[in-house]
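Shown next, in structure tokens, is the structure this report addresses.
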Protein chains: 2
Amino acid sequence: MVHSLPVTSSLQDYLEVILNLHQEKDTARVTDIADRLDIAKPSVIQALTVLKEKGLIRQDRYGPVELTDEGRRYAMKIRHRHKIIYGFLTQVLGVSPQVAEEDACLVEHDLNSETFDKLLQFMLEQDIDAGLKKELAWQDKGK
Amino acid sequence: MVHSLPVTSSLQDYLEVILNLHQEKDTARVTDIADRLDIAKPSVIQALTVLKEKGLIRQDRYGPVELTDEGRRYAMKIRHRHKIIYGFLTQVLGVSPQVAEEDACLVEHDLNSETFDKLLQFMLEQDIDAGLKKELAWQDKGK
DNA sequence: AAATTATGTTAGGTTTAGCTAACAAGAATA
DNA sequence: TATTCTTGTTAGCTAAACCTAACATAATTT
């Protein structure tokens, strides 16, 4: 199902945060999302409108935000990429956790899938797991 | 000298292209820049206006584009980062040249310098040069 | 030198992604 | 239940970075 394509980096960030909030607190509200992303609430509302149009979330007026199946798949894909990069930066390069976290957020969106595949392969070859295999199993359920 | 800071990713791309054009053809014109970045000429003009305000380039009406010292330093820094990433992607991960080129462009701008330092260190430890030492020397002249 | 072509510029518009101020709805409390 | 506080929404603004159409200047060719 194609929804007049481009899910921008920014929108991907929203999806990822919504997924994380659901897993942590079982619900994702506008205010929580705004706090996590350090963004004003009206900006969140605006982004949610677009995500609804794309069929990636569901939300009734004044209600909580839910991911659709497609939205969840998308969010999981991003989070997976985030973890691969974070793992690489911290375990292989020895970058500090804070900086690795920031940088993972920056690059998780746009790199070619070839690059992610090769990076994951590299990590597994080096037997640097960093919870990646677990995450991979997780991922496969969402497929 | 601080010029009301943020040099955005987009502006950094312009600087990098201007540097490359100068080295290849000894001059950088609006049309060449537009072609390289696959962007319309008026967009280039607009960007050049901002780069002028920041003191990173010089250009008289209808004249060619010149980098200031600060602009050249900036451009060289970006290009250096580009090469480190490209080298890593191709030599370490085995990513294809085209994809590596694209992805290097995407991430060269915003990663923390700690990450670049660690990445370079990693490359040198593995004795994967990829012309990096030469580039480093280059770089130092600009300093 | 006039005409043509190539190059540079201006004006004005679009989209994305943020913002503040004001208001509305819902939830909690006195 | 009336009041207050929290949360969600609308309206309207801004800035960055692109665009097209139209025009101006410069360079080249006839």
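Gain on full extension, evaluated as 0.36 nm per residue between A:ASP60 and A:THR31 minus their Cα-Cα distance, stands at 8.9 nm.
Normalising the average separation of contacting C-alpha pairs (under 8 angstrom, six or more residues apart) by the number of residues puts the relative contact order of chain A at 22 percent. Ignoring aspartates and glutamates fewer than eight residues from A:LYS41 along the same chain, the ones with Cα atoms less than 14 angstrom from its Cα are A:ASP32. Annotation for segment B:21-85: trypsin sites (Lys or Arg not before Pro) lying in DSSP loop with at most 12 further Cβ atoms inside 10 Å of their Cβ are B:ARG61.
Quotient of the Cα radius of gyration of chain A and 2.2 N^0.38 Å, N being its number of residues: 1.08. Angle check, please: helix B:9-25 long axis (alpha carbons) against the longest principal axis of chain B (alpha carbons), in degrees 0 to 90, nearest 10. Long axis of B:9-25 versus the principal axis of chain B: about 90 degrees.
In chain A, taking the dipole from charged Cβ atoms about the Cα centre, the farthest positive-side position among A:LEU19, A:GLN98, A:PHE88 is held by A:LEU19.
Over segment B:9-67, the hull volume per residue, using the convex hull of the C-alpha atoms, is 70 Å³.
In a shell of Cβ-Cβ distance under 13 Å around B:SER43, excluding B:SER43 itself, what net charge do Lys and Arg (+1) and Asp and Glu (-1) give? Summing Lys and Arg as +1 and Asp and Glu as -1 gives -1. Binning all Cα-Cα separations of the protein assembly as shown at 5 Å, short to long from zero, yields these whole-percent fractions: 1, 5, 10, 13, 14, 14, 13, 12, 8, 6, 2, 1, 0.
Of the residues A:ILE39, A:ILE57, A:ILE85, which exhibits the maximal mean-square fluctuation in a Gaussian network model of chain A defined by a 10 Å Cα contact cut-off? Evaluated over chain A, the most mobile residue of the options is A:ILE39.
First compute the accessible area of the protein assembly as shown with a 1.4 Å probe, then give the percent of it belonging to carbon and sulfur atoms. Of all accessible area on the protein assembly as shown, carbon and sulfur atoms account for 51 percent.
Using a 1.4 angstrom probe on protein heavy atoms only, the contact between A and B buries about 1600 square angstrom of accessible area, both sides summed.
Between B:SER9 and A:GLU53, with labels modelled 7 Å along Cα→Cβ, what's the label distance in nm to one decimal, could you check? It works out to 2.2 nm between the two label points.
Close amide-amide hydrogen proximity is noted between A:ILE57 and A:LYS52, A:THR68, each under 5 Å apart and 5 or more residues distant or on a separate chain (H modeled in the peptide plane; Pro and chain starts excluded). Pairs A:LYS54/B:LYS52; A:LYS54/A:LYS83; A:LYS25/B:LYS118; A:LYS118/B:LYS83; A:LYS52/A:LYS118: which are spaced more than 29 Å apart, C-alpha to C-alpha? Violating the 29 Å Cα-Cα cut-off are A:LYS54/B:LYS52; A:LYS25/B:LYS118; A:LYS52/A:LYS118.
Evaluating 6.51 cos²θ - 1.76 cosθ + 1.60 at θ = phi - 60° for every residue in segment B:56-69, the Karplus couplings come out as 9, 9, 10, 6, 8, 3, 6, x, x, 9, 10, 7, 7, 4 Hz, glycine and proline recorded as x. Note on segment B:28-44 and segment B:49-71: Cα centroid distance 14 Å, given to the nearest whole angstrom. Between helix B:41-53 and chain B there is an angle of about 90 degrees, using the helix long axis and the longest principal axis of the Cα atoms.
The values are calculated or read from the model by the stated rules, or taken from the named source; none is laboratory data. Just so it is clear, the structure is predicted and the values come from calculations on it, not from any experiment. Cβ: placed from backbone, ideal geometry, glycine included. Neighbour counts: every protein chain shown. Protein only, heavy atoms only, side chains kept; ligands, DNA and RNA dropped before computing areas. Shrake-Rupley method; radii C 1.70, N 1.55, O 1.52, S 1.80 Å.
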